[in-house]
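Values quoted throughout were computed directly from the atomic coordinates according to the rules given, and no laboratory measurement underlies them. Predicted model only: the values in this text are computed from it and were never measured. Cβ sites come from the backbone with ideal geometry, for glycine too, and all protein chains shown count toward neighbours.
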Amino acid sequence: MSGMSRKNQERWLYLISPIVLLVVWELLLRAGVGDRRFVPAPSDIAGRFWQLTLSGELAVHTGVTLYRVLVGYFIGAVPGIAIGLLMAMYRPVRIFFDPLIAALFPIPKVALMPILLLAFGFGDASKIALVATAVFFPVIVNTYAGAANIDKLYWDVAKNFGASSYVMFTKVVFFGALPLIFAGLKIALAVSFVVLVAAEFVASKSGLGYLIWNSWELLQVDYMFVGVVVIGLLGLISSVVFEEIENLVLPWKVKN
């Protein structure tokens, strides 16, 4: 079997579980299991999805949420990677950041929302800051773990060949830590959606979180499920994109 056909089969296999879930969901409700007024069938959600898409309302809410996630994700991930690598290379940097991470990481990031609202107001800035804060910690922890567990042999070889700190940072430490960096980035992306949607429940007039919460208050359950499904789809798409990027960047990574 060629590598390309195997990869295509894996892509289809990746999509089977959500499709099976939707089919079982639809069949159970059509068989009378559950109340479609409170748990609409996928076909009901699809109809409402189409209606919201045609009106443009869904695109607006989705665009707002994606903008907040992507900007906050970038702001949190880049320094997280850089500091995590520096922590592995330089002991003073690690000693400086270790207690800060230990103290701040366990704090639920949504609990910071009132402080961020006072600092940045009710606009996009407070939500972006929340996402950046939530993204920073899983990225820095995974980056440091990946860099700290690089085999000592690579450090010694690079030093024996006179590698500068810049070369060590960009060629040895960064690439050695890449597998766990990707793991941290995947976790951080999921966390960013969780905290942002929670913030949009109470501190926003736009976004998928607002759509879900406002629909619940008005008992528009099908609208609410559209928002939930869109978030799930965004998570699925982002996971597939990350998988493809990881395969390109880490061709040497062995996968069973």
Across every pair of different alpha-carbon atoms, what Kirkwood hydrodynamic radius in Å does the chain reach? 20.8
Applying 1/(1 + (r/R0)^6) with R0 = 30 Å to the Cβ-Cβ distance of THR170 and LEU22, what FRET efficiency is obtained, to the nearest 0.05? 0.10
For the Cα atoms of the chain, what angle does the longest principal axis make with the long axis of helix 221-249, in degrees from 0 to 90, nearest 10? 30
Report relative contact order for the chain in percent, whole number only (criteria: Cα-Cα under 8 Å, sequence separation at least 6). 23
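Give me TYR73, TYR90 sorted ascending by neighbouring Cβ count inside 10 Å, so fewest comes first. Walk me through the numbers on the way to the answer.
On the way: TYR73 24, TYR90 12.
With the fewest neighbours first, TYR73, TYR90 line up as TYR90, TYR73.
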Counting helices only, and only those DSSP H runs with n ≥ 4, report the 222 nm mean residue ellipticity of the chain as the sum of -39,500 (n - 2.57) divided by its residues, in deg cm²/dmol to the nearest 500. -26500 deg cm²/dmol
Of the listed peptides 56-67, 77-88, what is their order by residue-averaged count of other C-beta atoms within 10 Å, with the highest listed first? 77-88, 56-67
Measure nothing fancy, just the Cα-based angle from helix 91-104's long axis to the longest principal axis of the chain, in degrees from 0 to 90, nearest 10. 20
Per-residue HN-Hα couplings for the range 40-45 [Karplus 6.51, -1.76, 1.60; θ = phi - 60°; Hz; x = Gly/Pro]: x, 6, x, 5, 5, 5
Normalised by the residues of the range 45-137, what does the relative contact order come to in percent, with Cα pairs under 8 Å and at least six apart? 42
Need the C-alpha centroid separation for the range 61-89 versus the range 105-164, integer Å. 8
Exposure proxy order (Cβ contacts within 10 Å, fewest to most) of SER126, SER55, SER239: SER55, SER239, SER126
